[in-house]
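The values are calculated or read from the model by the stated rules, or taken from the named source; none is laboratory data. Computed from a predicted model, the values in this text were never measured in an experiment. Cβ atoms come from the backbone with ideal geometry, glycine included; neighbour counts cover every protein chain shown.
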Amino acid sequence: MSHPYVFPQDLCLHSPRLQLRPMRAEDAEAWLGIMADPQVMRFWNHAPWCHLDEAQAALAADHQAYAQGELLKLGIYRSDTGELIGMCQCSSFERDSRRGEIGYCLSTAAQGQGFMREALELFVQYLASDLKMRRLEAEIDPRNSASARTLERLGFTLEGVLRERWCVAGELSDSGLYGLLLERDAG
C-alpha cells in the first residue's frame, strides 16, 4: 500500500505573474465565483455551484485531504493583485508507481492570457522535482479545445477516449485521457 505524501503547510510556488498556494477559508466567496460560472464549468464533471456553503464545504474537505496527503490542490493567485483566478490539483496518487491525476480551472476573466500554462508549468515542475512523480494523467472533455492545447503544449499526449463517460445536467460527454511521462533524474 502506498504511503501518503506530506505536503508543506506553507507551500507556495512562484512564477513571474502567479503564486500557487493552498486556498484558505477566506477564499470561499472568490472560489464560489469561479465554480458558479457556467462558462468555467461548461466541461466539468458536475454542475456549477449555487451557494456559498458549497465552496466552504469544498475548501474544508480539500484542507483535510491536503493534510492527509491525498490531494494537492493549489489556488492560482495573481502576484500583482492577490486575486484568486483558478486552481490546479493533483489527486488519485499512486505513490509506489509515482503517478497522479491533475485537474485545473481558470476564471473566465483570466482566460486567454497564458495564466493556465504558466501555472501548470510551475505545478508540473513541482510534481516532478519535489514529489518525484513519474507519470501524470489528465481527463478532459474532448470538446474543450483550449484545455487540450494547454496539455499538448506541456507535452501531454492523448492516450484514449472514454465515450459517454459523464452525464451532467442530462448531457452526455466523453473523456479524453492524456498522459505525460516526466523526465527521470540523470542519477
From the options Leu18, Leu72, Leu59, residue that is free of Cβ contacts under 8 Å to residues at least 60 places away in the same chain and buried (at least 17 other Cβ atoms within 10 Å of the Cβ): Leu59
Condition first: of a type in the set (Asp, Glu) and at pLDDT below 95. Can you find one or more residues in segment 150-165 that meet it? yes
Counting only residues that are farther than 24 Å from Gln68 by Cα, of a type in the set (A, V, I, L, M) and either more than 17 Å from the chain's Cα centre (by Cα) or in a helix (DSSP H, G or I) (or both), segment 1-31 contains a total of 1
Elements of type strands (runs of 3 or more DSSP E) in segment 68-119, at least 2 residues being among the hydroxyl-bearing types (Ser, Thr, Tyr): 84-94
Regarding Leu122, is this residue touching a Leu at 6+ places or on another chain (Cβ under 6 Å), in a helix (DSSP H, G or I) and of a type outside the set (Lys, Arg)? yes
Going by what's in this entry, would Asp130 be described as touching a residue at least 12 places away in the same chain (Cβ under 8 Å) and either surrounded by fewer than 21 Cβ atoms within 10 Å (Cβ to Cβ) or closer than 27 Å to Arg165 by Cβ (or both)? no
